[in-house]
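All remarks here apply to the structure that follows.
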Amino acid sequence: MTAQQATIGEVFSAGAEEFHRWSPLLWDQVGQATVEVSAPGHGERVLDACCGAGASALPAARAVDRDGLVDAVDVAGALVALGEWRAGQEGLANLRFHEHDVTAWVAPDGGYDLVQCALGVFFFPDMDRDTARLAGLLRPGGRLAVTVWEKGALGGWGQAFKSAVETEREWPGSSQSDQLARIDTADALAAWLESLGLRSPRVVRRDLAVPLTPATAWDLAVGSGTRALLDGLAPAAVERVRAHFTAALEAASVTDLDARILTGTAVA
């Protein structure tokens, strides 16, 4: 596991409680939308990469049924534990959660029929190399499915959070943002999938706008990757960021999260 991935795992584990509160609001919707496009079939073997608390792994396990298998992999141990609990609540014995670096994951004999990754590839240390490796876990004719934020998504919420953080520290550059910017349109995502050596790319757009309150807006900030932007700040400074953030949302009349996503699929 690389140092970068360990940091990502720690950030998401630290915000697991807030992350989980967003599961019914957004993450489960993203997961269901991903699976509607990736279309796991009865009896298939699926790898759910960057699985979080199981938003896309759970519907995939339901789809493949008892004759299929889903391996759900994430570096955030606290989210993996939540996913295991959720799978247990549904009695999904065909869904196995693993705390592991998915970029070093090994496929079972014969490979996977489907590898899917919802809102995860832009967190990889090297998005091209690491996603290509995931595609290499597919059997011939298997499918890769990737969901990303569409260009401009999260805009009002994100701008309010950025302005609040900048009251306490300089806004840092982000390799995740740079990587996402390369694939945040339908054409760019399709071209990128082809660049990985995959065939017949298809991209589906979904608009999953979610109502926001000051409390849920803050839960998203501290229950996702943006939590890292608060690391090292004193508790009083974090509270000042929260106050500025709430005021900025109100000033800009941001009452909904613009959660537009793109899901791209292609064939190995």
Across all directions of projection, what mean area in square nanometres is found for the Cα convex hull of the range 146-190? 3.4
Hey, what's the Cα Rg ratio for the range 211-261 versus the globular rule of thumb, 2.2 N^0.38 Å? 1.17
Starting from the Cα of D187, step 7 Å along the direction of its Cβ; do the same at R96; then give the gap between the two resulting points in nm. 4.4
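Divide by every residue of the chain the summed helix terms, -39500 (n - 2.57) for each DSSP H run of at least 4, and state the resulting mean residue ellipticity at 222 nm, rounded to the nearest 500 deg cm²/dmol.
-12500 deg cm²/dmol
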Any idea how far the Cα center of the range 219-238 sits from the one of the range 134-212, in Å? 22
Evaluate Rg over Rh across the chain, taking Cα atoms for both radii and Kirkwood's formula for Rh. 0.96
Unit charges at the beta carbon, dipole of the range 138-235: most positive-side option, A181, S200, S163: S200
Kirkwood Rh and Cα Rg combined as Rg/Rh, the range 1-88: 0.99
Placing one identical point scatterer on every Cα of the range 20-161 and ignoring solvent, what is log10 I(q)/I(0) from the Debye formula at q = 0.09, 0.10 Å⁻¹? -0.25, -0.31
The helix 235-251 Cα axis meets the longest alpha-carbon principal axis of the chain at an angle in degrees, between 0 and 90 and rounded to 10, of 90
Can you give the translational diffusion coefficient of the range 95-220 in µm²/s, computed by Stokes-Einstein from the Kirkwood radius over Cα pairs at 20 °C and 1.002 mPa s? 128
Assign unit charges at the C-beta atoms only (+1 for Lys and Arg, -1 for Asp and Glu), then state the dipole size of the chain relative to its Cα centre in Debye, rounded to the nearest 20. 400
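Where a number appears in this text, it was derived from the coordinates with a stated rule and is not lab data. In this text, all values refer to a predicted model and were calculated from it rather than measured experimentally. All Cβ positions, glycine included, derive from the backbone under ideal geometry; neighbour counts span all protein chains shown.
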